[in-house]
Amino acid sequence: MIAHHVLFWLKTDTTEEHKTAFRKGLESLENIEVVKTLHIGMPAPIERAVVDTTYTFSLVLFFEDLAAHDVYQVHQIHKAFLDEFRGLFEKVIIYDAE
C-alpha cells in the first residue's frame, strides 16, 4: 500500500470561488481507477506546537502499490488537474509512504 499525501498552500489572493473550483478538481482525482481511497481536508482547529495548520488543502490518496502510484502520476485526469490549478499553488509538499 502506498499513501500519497499532498499539502497545498494556495496563494493569498485566491478567491473563495477559486478554492471551490480547486476542491472540485481534487475530487476529480477519485475518478482515476488506481485510486483506492481519497481524502480531502483543510487544517483542523487543533492548536499544538507540533501541528502545522498553515496549509490550505490536504489530499491523501491510497494506492495498492508503487505501480498504481506511477499510473496515477501520468494519468490524464491528474495532468488536467495540474494544468488547470498549478497557477494557484504557492507551495506544495508531498509525502509518500509505504
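The values are calculated or read from the model by the stated rules, or taken from the named source; none is laboratory data. Here the structure is a predicted model, which is why all the values come from computation and not from measurement. Using ideal geometry, Cβ is built from the backbone for each residue, glycine included, and neighbour counts are taken over all protein chains shown.
For this structure, a couple of remarks:
- Answer residue from segment 30-79, given it is acidic (Asp, Glu) and part of a loop (DSSP other than H, G, I, E, B) and is modelled with the lowest pLDDT among those: Glu47
- For segment 83-98, the tally of residues that are in a helix (DSSP H, G or I) and surrounded by 14 or more Cβ atoms within 10 Å (Cβ to Cβ) stands at 2.
- Tally, over segment 48-66, of residues that are without any contact (Cβ under 8 Å) to a residue 60 or more places away in the chain, surrounded by 11 or more Cβ atoms within 10 Å (Cβ to Cβ) and either small (Gly, Ala, Ser) or within 12 Å of His4 (Cβ to Cβ) (or both): 4
- Filtered by the rule that a residue be β-branched (Val, Ile, Thr), outside any loop (DSSP other than H, G, I, E, B) and closer than 18 Å to Phe81 by Cα, segment 1-29 gives Val6, Thr20.
- Single match in His69, His39, His18, His78 (criterion: in contact (Cβ under 8 Å) with a residue 60 or more places away in the chain and either farther than 17 Å from Met1 by Cβ or surrounded by fewer than 15 Cβ atoms within 10 Å (Cβ to Cβ) (or both)): His18
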